[in-house]
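Input: a single structure, listed below in structure tokens.
Just so it is clear, none of the values below were taken in a lab; they were calculated from the coordinates. What you see is a predicted model, and the numbers here were worked out from it, not measured in a lab. Note that we place each Cβ from the backbone using ideal geometry, even for glycine, and neighbour counts take in every protein chain shown.
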């Protein structure tokens, strides 16, 4: 029995003593085991606390793992995943692990640094493909698009320098001798030149040169001297020219006074205002003149008028396009190089997006005294005579088709709809053109060549009458559009945008993140 006393089967006087001694040993064993259990439990608690508070983790290879990733412990599984990620981003291997080739290689066969580089490149191309870029010229432009998108303008600066200063509008005669400032005359009789308000393209004054019966020369005129300030430069000289009277001939010339030679000339007999222009590569000269001639034959009695003369330096590329590109001829050329005085930058540009209806409400029309606005889209005419019409001016594009429609109640007379075509300088191209009469309410018509504006009329014809006009609609194209009130959008940009001659270095207005910005590269309006 080991530690215990064997009692046997015979009970004698020593039996109780032996039994008690075994009980005592049992109590000692129980007490010892209880103490050991307490110590073991405390040691376990201490180990748990030490593990909990320890900053040292178990080695990954000692942690078992079982799952879809290859490996039997955590270390092997993590290394396998890391290898796969590395393959996607940097590997050049082929076969089943070629994710990086698919992710970084573009259609052009070039591999980008990262898959993100290629994704951003594709995204930028998508953004660009959604953009529709259109170059807008000064004046009316037609933009056709198959999507409804906002307009995001980008405007480059431009600076024009008129080498004729401010003399070309012929408004001033400081000396009072009838000769506009900055000019000198030759081969003219006294009083044969003056600045007059009898003819003008803008309601101001023009240069009038008369031919008289006693004139000894056909070369009679007025010159603007430019000296030698623009030698070796390409120049464009423009003016508006009109002849009046029998056999009148006008001539506009760039003349080299040093070489006594005409460098280029424009000759016309037009009885309407016409854009006259010449281009020259200026040679070495001490005196370059811009000459305005009354070039009529000797003995003729008539007048030739000039207005808005200007001289601009142009680039070789622009020089090559003039009279070659249809957009760089005649009135279109003049629109690109308008008259300015001295130096002028692109100032306070305005962009207008016109709605489908080109006609404003009747509240914005020039009303005849016999007409009254009932509502913004309803006009009542109670005419007490013939041809009583109200009008509005509408910018248009030459050779473009437009469709007009409206509702009319003809109570006493026949309604009459017509337009007057104008050039941008205010010259009337042709007489009034009829659009609709009587009961007709829809008409498609084309704008004549050279016309940039029409005066649109609504009125009666031959008799005193009462007529009610409703919902006039003028739209681009040959299709009738349902009536909608005119709804224009405007962007007013209060800034000056400058550039060098060829526009390669220019101020710029642009949008970024839906906010407008101006990038300024030039200091302007400095006092010297």
Problem set entry | Inter-label distance, nm, simple model (7 Å from Cα along the C-beta direction), residue 151/residue 510 | 2.0
For this session: For n ≥ 4 DSSP H runs only, could you compute -39500 (n - 2.57) per run for the chain, divide by its residues and tell me the 222 nm figure to the nearest 500?
Result: -5500 deg cm²/dmol
Problem set entry | Taking 310, 455 and counting other C-beta atoms within 10 Å, the order from fewest to most | 455, 310
For this session: Compute the acute angle (0 to 90°) between the alpha-carbon long axis of helix 74-90 and the principal axis of greatest extent of the alpha-carbon atoms of the chain; round to the nearest 10°.
Result: 20
Exercise. In whole angstrom, how far apart do the alpha carbon centroids of segment 23-47 and segment 274-308 sit?
Worked result: 128
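In segment 163-341, what is the volume of the convex hull around the alpha carbon atoms, normalised per residue and reported in Å³?
Details: hull volume 19.7 nm³, N = 179.
Cα convex hull per residue, to the nearest whole number: 110 Å³.
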For this session: Calculate the radius of gyration of the Cα atoms of segment 190-239 to one decimal place, then report Dmax, the largest Cα-Cα distance, as a whole number, both in Å.
Result: 14.8, 41
Exercise. Mind checking the angle between helix 15-53 and the chain's longest principal axis? C-alpha axes, 0 to 90 degrees, to the nearest 10.
Worked result: 10
For this session: Could you work out the mean projected area of the convex hull around the alpha carbons of segment 182-270, in square nanometres to one decimal?
Result: 7.0
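Based on Cα coordinates alone, diagonalise the gyration tensor for segment 386-455, multiply each eigenvalue by 5, take square roots, and list the semi-axes in whole Å, largest first. Don't jump to the answer; show the numbers that get you there.
Numbers: eigenvalues 111, 38, 16 Å².
Over the Cα atoms of segment 386-455, the ellipsoid semi-axes are 24, 14, 9 Å.
Can you give the extra length, in nm with one decimal, that the chain gains between residue 68 and residue 48 once fully stretched, where that is 0.36 nm per residue apart less the Cα-Cα distance? Don't skip to the end; give the middle numbers.
Working: separation 20, 0.36 × 20 = 7.20 nm, distance 3.17 nm.
Net length gain for the segment: 4.0 nm.
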Exercise. Can you give the FRET efficiency for residue 142 and residue 231, using 1/(1 + (r/R0)^6), R0 = 41 Å, r = Cβ-Cβ distance, to the nearest 0.05?
Worked result: 0.45
Exercise. How far is it, in nm, from the label point at residue 320 to the one at residue 494 when both lie 7 Å from their Cα along the line to the Cβ?
Worked result: 4.3
Problem set entry | Relative contact order (%) - criterion: Cα under 8 Å, at least six apart; region: the chain | 13
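Mean projection of the alpha-carbon convex hull of segment 362-487 over all orientations, in nm²? The partial results should precede the final answer.
On the way: hull surface 29.2 nm².
Hull-based average projected area comes out at 7.3 nm².
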Problem set entry | Separation in nanometres of the label points that stand 7 Å from Cα toward Cβ, at residue 135 and residue 401 | 2.8
For this session: Just subtract the alpha-carbon distance of residue 427 and residue 518 from 0.36 nm times their residue separation and send over the number in nm, one decimal.
Result: 29.0 nm
Problem set entry | Modelled FRET efficiency - R0 35 Å, residue 18 with residue 40, Cβ distances, 0.05 increments | 0.60
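What's the exposure ranking of 209, 384, going from fewest to most Cβ atoms within 10 Å? Kindly include the intermediate steps, with their values, before the conclusion.
Details: 209 24, 384 9.
With the fewest neighbours first, 209, 384 line up as 384, 209.
Arrange 240, 151, 37 by Cβ neighbour counts within 10 Å, fewest through most, would you?
On the way: 240 24, 151 14, 37 10.
Ascending Cβ contact count within 10 Å gives the list 37, 151, 240.
I need to check one value: relative contact order of segment 134-224, counting alpha carbon pairs closer than 8 Å and at least 6 residues apart, in percent. Kindly include the intermediate steps, with their values, before the conclusion.
Numbers: 94 pairs, mean separation 20.9, N = 91.
Relative contact order here is 23 percent.
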Problem set entry | Size descriptor, Kirkwood hydrodynamic radius, that averages inverse alpha-carbon separations across the chain, Å | 32.2
